[in-house]
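S.K.: Once you've had a glance at the structure underneath, I'll fire off some questions.
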Amino acid sequence: MTHQINKAIIVCLLSGFCAIVSVSQSPAPAQQGSPQQATPAQQQPAQPQQKRTIFESATVLRATTRLVVLDVVATNNKGEAITDLKKEDFSVMEDGKLQEVAVFSFQHPARAGTAPLELIAMPLPANVFTNVLRFNVNTALSVILLDALNTTTLNQAQAREAMLKYLAKIPAGQPVAVFTLGSKLQMVQDFTTDPSELKKVISNLKIQRSPVQDSPTGNQEQILPSGIFEQMTPQMQQQVMQFEQERVSFQTDIRVQMTLSAVGALARTLAGYPGRKNLIWISETFPLNINPNTTLSGDIFASARNYAPQIAQTAQYLTDAQVAVYPVDARGLAGPAVFQASTMGQDKFGRPMGRNPGLMSQGLSDESEQLQASHSTMQEVAERTGGKAFYNSNDLEGAIGKSIEDGSTYYTVAYYPANKEWNGKFRRINVKVNRSGVKLRNRLGYYGVDPKTAGTLDAKQQGIALGDALNPGMPISTGLRFEARVLPPSEKSQNKVVVDFIVDPHGISFELKADGTENARVEFVVQAYTSSGKALQPETAAIEYALPADAFKKVMQNGVRTQKVFDLAPGDYFLRLAVRDTQSGLIGTTNGKVSVAQGAGVPAAGKSEDKK
């Protein structure tokens, strides 16, 4: 990474934005082939007829460098924010070795007279689509995720009421967005500082029954009628119990996969926003581990699970996007389910617990273990991302408010690691201040992966991430910012659909080679869906750039460009457009559309072309 880019990163972190890039709407010269090797002549853009500023390069740049960025929350013993610490008050240790702080700033809610969230007036020309942010941000952003996938219908209603109570007294100027997670992740309210808009959205939310939760209503559901289990032979009883345990474990596998996929998508959605983002995750979550039942015979470890590696990987996505998670247990402080009237004094196998103290004792033990396991997940995610977990309290309203307040005042501390050996191992970070009575909270650390090759280490995982990003049901990703102009078939394009991509170059991890060229590899994808929702074969191009200094300078001024030309049959299409930096793994997506008139397209999809 060049010195100029590193310098730009520091400016971004201190000011919240970088230089604006001007790009034109003129199509670039064409060349076929995929993957493609960019030459200096091909990278020189045509002279624009009209320039329009569309890109503001933000702190996502840090993900492509060795700069480690920490958001540090400092409070006193009462939990109140400490606001007068200086750079010299901090010391940062990585694996026990002192690091030199390169960047330091103090972030706090926007002062009076400063708009915390300003809508950017950016009218787009016809047929142009973008994932460039709609807002200028002058304060920390908060995202509330109402998790119906892992939360019973009873507790969803309780969480909604707590949200409405909080919104009745939310501080002025606090930007909040609302997402829900049911069968899919959905944004129901973009960032707004208008409490009335938030109240309307929360009031209209429908309670969702989780398709993959064991007891989605909150009431224990019996799997056998009363008295049947006792009539079975001991061997059959063991088989039924073991089958049920494996079923619950498999069901939990699905919940974990769906949840972490959605949280990863949220990280990609928030990646382009500068500064800290606070994710208030209202949920009952899922267990960090599932332990085998040693009372059962057979392969007791078939149902054992450990989700810690998947959680750690998702936490890394969140910290890369500067997202701190504040899990809030939607259950509040609830009594044991075995004493609920709905159980009728029976366990899920229909056995009466009143006549068998051992069954009641085992039920209480299992429930306590499950509760502790879900709280462990909350604590793990919070600690890894620098947030705070709230559980064992009926004050859901207060937990939501404290989460937003806690994450709005913080210090940004960044350093270049002294350890240059990028072996992929976890590096633990410890931050201290030279003042007594100060409590600090920040993420635990990071994995020492070379940022230049981060996106190529796990091709399978990166493929899954790109596949998720191309899903039209997922929110758009902002890790790489770009515009795309989509033109329907015409005589000029030889009856082909034309998509012109222009990407903000500041988010791409160019690497300076020994020959003096700046190198990068970028994937461009157009995923078309028919009006009935059928996904067509995606149109892709993988382009390799090797730019001398003069061509690199022009690219940084005019954007990274390519053109995708392909056939579509007549009809109306929804398009998911994506760009991915294969070295860093950063992804940008946006939605587009195109209509192909009768006689303008082709009967069936044909060959595509890639032009630059």
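The values are calculated or read from the model by the stated rules, or taken from the named source; none is laboratory data. Remember, it's a predicted structure, so these values are computed and weren't measured experimentally. So basically every Cβ, Gly included, is an ideal-geometry build from the backbone, and we count neighbours across all protein chains shown. To get the accessible areas, we keep the full protein, side chains included, count just its heavy atoms, and leave off ligands, DNA and RNA. Shrake-Rupley method; radii C 1.70, N 1.55, O 1.52, S 1.80 Å.
S.K.: Cβ contacts < 9 Å: first residue within 11 Å of Ala414 (Cα to Cα), restricted to the stretch 89-101; second residue open to solvent by 60 Å² or more (accessible area, probe 1.4 Å) and small (Gly, Ala, Ser), any location; separation 6+ or different chain. Result?
M.R.: Gln99/Ala418; Glu100/Ala418
S.K.: Within the stretch 109-116, can one find any residue that is hydroxyl-bearing (Ser, Thr, Tyr), open to solvent by 40 Å² or more (accessible area, probe 1.4 Å) and modelled with pLDDT under 95? Spell out how you get there, then give the answer.
M.R.: Filtering the stretch 109-116 for residues hydroxyl-bearing (Ser, Thr, Tyr) gives 114.
From what's left, open to solvent by 40 Å² or more (accessible area, probe 1.4 Å): 114.
Pick out the ones that are also modelled with pLDDT under 95 and you get 114.
Yes.
Condition check ((1) part of a loop (DSSP other than H, G, I, E, B); (2) charged (D, E, K, R); (3) open to solvent by 70 Å² or more (accessible area, probe 1.4 Å)) across all residues:
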| position | (1), (2), (3) |
| --- | --- |
| Ile202 | no, no, no |
| Pro211 | yes, no, yes |
| Ser215 | yes, no, no |
| Met241 | no, no, no |
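S.K.: Please find, among Ala605, Ala520, Ala600, the residue that is in contact with a Pro (Cβ under 6 Å, 6 or more places away or on another chain) and either open to solvent by 10 Å² or more (accessible area, probe 1.4 Å) or at pLDDT below 95 (or both).
M.R.: Values: Ala605 fails: in contact with a Pro (Cβ under 6 Å, 6 or more places away or on another chain); Ala520 fails: in contact with a Pro (Cβ under 6 Å, 6 or more places away or on another chain).
Of the residues listed, the single one that is in contact with a Pro (Cβ under 6 Å, 6 or more places away or on another chain) and either open to solvent by 10 Å² or more (accessible area, probe 1.4 Å) or at pLDDT below 95 (or both) is Ala600.
S.K.: Still on this model: Note down all Cβ pairs under 6 Å where the first residue falls in the stretch 400-422 and is farther than 17 Å from Val178 by Cα, the second is among the hydroxyl-bearing types (Ser, Thr, Tyr) and open to solvent by 10 Å² or more (accessible area, probe 1.4 Å), and they're at least six residues apart or on different chains.
M.R.: What qualifies is Thr412/Ser105.
S.K.: Sticking with this one: Those residues that are open to solvent by less than 10 Å² (accessible area, probe 1.4 Å) and either free of Cβ contacts under 8 Å to residues at least 24 places away in the same chain or closer than 16 Å to Pro109 by Cβ (or both), I need them from the stretch 164-181; list them, please.
M.R.: Listed by number, the residues that qualify are Pro175, Val176.
S.K.: If I filter the stretch 376-385 for residues that are in a helix (DSSP H, G or I), over 23 Å from the mean Cα position of the chain (by Cα) and either over 30 Å from Thr75 (Cα atoms) or modelled with pLDDT of 70 or more (or both), do I get at least one hit? Steps first, please.
M.R.: Filtering the stretch 376-385 down to residues in a helix (DSSP H, G or I) leaves 376-385.
Filter once more, so that each one left must be over 23 Å from the mean Cα position of the chain (by Cα): none.
Scanning the stretch 376-385 turns up no residue that is in a helix (DSSP H, G or I), over 23 Å from the mean Cα position of the chain (by Cα) and either over 30 Å from Thr75 (Cα atoms) or modelled with pLDDT of 70 or more (or both).
S.K.: Would you point out the residue of the stretch 487-501, among those that are assigned to a strand (DSSP E or B) and open to solvent by 10 Å² or more (accessible area, probe 1.4 Å), that is nearest to Phe524 (Cα to Cα)?
M.R.: Narrowing the stretch 487-501 to residues assigned to a strand (DSSP E or B): 487, 497-501.
Right, trim to open to solvent by 10 Å² or more (accessible area, probe 1.4 Å) and you get 487, 498, 500.
Numbers: Leu487: 16, Val498: 13, Asp500: 10 Å.
In this case the residue turns out to be Asp500.
S.K.: Moving on to the next point. Quick check on the stretch 393-409: of everything there that is open to solvent by 10 Å² or more (accessible area, probe 1.4 Å) and outside any helix (DSSP H, G or I), which residue is farthest from Leu333 (Cα to Cα)?
M.R.: My answer is Thr409.
S.K.: Suppose we filter the stretch 249-270 for residues that are under 19 Å from Ser210 (Cβ atoms), open to solvent by less than 40 Å² (accessible area, probe 1.4 Å) and not charged (D, E, K, R); how many remain? Outline the logic, then answer.
M.R.: Of the stretch 249-270, the ones under 19 Å from Ser210 (Cβ atoms) are 249-263, 265-266.
In the following step, the residues that additionally are open to solvent by less than 40 Å² (accessible area, probe 1.4 Å) were identified as 249, 251-252, 255-256, 259-263, 265-266.
Of the ones still in play, those that are also not charged (D, E, K, R) are 249, 251-252, 256, 259-263, 265-266.
Final tally of qualifying residues: 11.
S.K.: Restricting to the stretch 141-179, count the residues that are in a loop (DSSP other than H, G, I, E, B) and over 28 Å from Ala271 (Cβ atoms).
M.R.: Number of matching residues: 3.
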